[in-house]
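Following: one structure in structure tokens, then a few remarks.
The values are calculated or read from the model by the stated rules, or taken from the named source; none is laboratory data. Model, not experiment: these values are computed from the prediction. Note that we place each Cβ from the backbone using ideal geometry, even for glycine, and neighbour counts take in every protein chain shown.
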Amino acid sequence: MQIKTEAVQIATKDGSMAAHVATPAGSGPFPGVVVAMEAFGLNEHMKGVADRIAREGYVAIAPDFYYRADDRVAEYSDLPKAIGLMSALTDDGILSDVGAAIDELKGRSTVRGDRIGMTGFCMGGRMTFLAACNLSLQAAAPFYGGGIGGLLGQAGGLSCPMVAFFGEKDGFIGLEEVDQVRTKLGELGKPAEVVVYDGADHGFFCDERPSYQETAASDGWQRLLTLFRDNLSE
């Protein structure tokens, strides 16, 4: 599917937040998807993920959640810089910024305001889980979100279907935490599935990182598309 892309500025309570928007050809209206970036920032890979989602028939918006900082992208080899940028964010600020991105989608004539989903990777996976527990979403797909275990106290607010993806060999997210996530969501009766890929490490979806695992990335992509198709495209 042909798409068009644009750079936009979104008004937030803390200033103007840049975002990359990818829109399928045609007048729509299409479902919308927020794409939450890795800790390394809104780089070309994350913009490419948004473009890929748009080619499947969704208006995708990838916000630059580091807009409050000056130097906002870290190389994949520069983990300390990424951690520094990530550490400056707060959960209240994240929810406000995600809400602003959702409002940007809903304000577009090409978007179905009642069909908004979200996906995110690494830091963005945690953002996706946080948003799904506190904001109105119709589907959520967090990939290897570090710290999701610490958000389980908010899991009662989850009201949309979710598939959460993890890697068995993730050095940042232990299987004990993954089990806690699975158990808590099950106890609460939430419409959520936890998927763990054998042998996969943190960052398995990103083909620009040494931890990329094609089998896990491909399967995760297909599961994401199924989740969105079943809950956003109906």
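Within the set of pairs 6+ apart or on separate chains, which have a first residue in segment 146-160 that is without any contact (Cβ under 8 Å) to a residue 40 or more places away in the chain and surrounded by 18 or more Cβ atoms within 10 Å (Cβ to Cβ), a second that is basic (Lys, Arg) and not in a helix (DSSP H, G or I), and C-beta atoms under 7 Å apart?
Cβ pairs passing all conditions: Ala155/Lys190; Leu158/Lys190.
Determine if segment 110-119 includes at least one residue that is more than 27 Å from Phe40 (Cα to Cα) and part of a loop (DSSP other than H, G, I, E, B).
Going residue by residue through segment 110-119, those that are more than 27 Å from Phe40 (Cα to Cα) are 110-115.
Checking the rest, the ones that are also part of a loop (DSSP other than H, G, I, E, B) come to 110.
The answer is yes, given that some residue of segment 110-119 is more than 27 Å from Phe40 (Cα to Cα) and part of a loop (DSSP other than H, G, I, E, B).
Assess whether Val178 counts as being hydrophobic (A, V, I, L, M, F, W, C), outside any loop (DSSP other than H, G, I, E, B), in contact with an Asp or Glu (Cβ under 6 Å, 6 or more places away or on another chain) and modelled with pLDDT of 95 or more.
no
Here are some residues: Glu75, Glu104. Which one is within 28 Å of Phe228 (Cβ to Cβ), modelled with pLDDT of 95 or more and not basic (Lys, Arg)?
Working: Glu75 fails: within 28 Å of Phe228 (Cβ to Cβ).
From the options Glu75, Glu104, the qualifying one is Glu104.
Cβ contacts < 6 Å: first residue over 19 Å from Gly120 (Cα atoms) and touching a residue at least 24 places away in the same chain (Cβ under 8 Å), restricted to segment 175-202; second residue part of a loop (DSSP other than H, G, I, E, B) and not charged (D, E, K, R), any location; separation 6+ or different chain. Result?
Lys190/Leu158
Being touching a strand residue (DSSP E or B) at 6+ places or on another chain (Cβ under 9 Å), more than 23 Å from Gly15 (Cα to Cα) and not small (Gly, Ala, Ser) is the filter here, so list the residues in segment 46-92 that pass it.
Across segment 46-92, the qualifying residues are Val49, Asp51, Arg52, Ile53, Arg55, Glu56, Tyr58, Val59.
Take Val111 and decide whether it is over 19 Å from Phe143 (Cα atoms), touching a strand residue (DSSP E or B) at 6+ places or on another chain (Cβ under 8 Å) and at pLDDT 95 or above. Don't jump to the end; show me each part of the working.
Numbers: over 19 Å from Phe143 (Cα atoms): yes; touching a strand residue (DSSP E or B) at 6+ places or on another chain (Cβ under 8 Å): yes; at pLDDT 95 or above: yes.
Taking the combined requirement at face value, the residue satisfies it.
Please identify the pairs in which a residue from segment 32-59 that is β-branched (Val, Ile, Thr) has its Cβ atom under 8 Å from the Cβ atom of a residue that is surrounded by fewer than 24 Cβ atoms within 10 Å (Cβ to Cβ) and assigned to a loop (DSSP other than H, G, I, E, B), counting only partners at least 6 apart or on another chain.
Filtered contacts from segment 32-59: Val59/Gly28; Val59/Arg108; Val59/Thr110.
Looking for whichever is buried (at least 24 other Cβ atoms within 10 Å of the Cβ) and over 14 Å from Ala155 (Cα atoms) here; the options are Gly113, Gly120. Which one fits?
Answer to the selection: Gly120.
State whether one or more residues within segment 127-135 are surrounded by fewer than 17 Cβ atoms within 10 Å (Cβ to Cβ) and either out of contact with any helix residue (DSSP H, G or I) (no Cβ under 7 Å at 6 or more places or on another chain) or over 21 Å from Arg52 (Cα atoms) (or both).
Looking through segment 127-135, none of the residues is surrounded by fewer than 17 Cβ atoms within 10 Å (Cβ to Cβ) and either out of contact with any helix residue (DSSP H, G or I) (no Cβ under 7 Å at 6 or more places or on another chain) or over 21 Å from Arg52 (Cα atoms) (or both).
Is at least one residue of segment 191-202 surrounded by fewer than 18 Cβ atoms within 10 Å (Cβ to Cβ), more than 18 Å from the chain's Cα centre (by Cα) and under 21 Å from Thr215 (Cα atoms)?
yes
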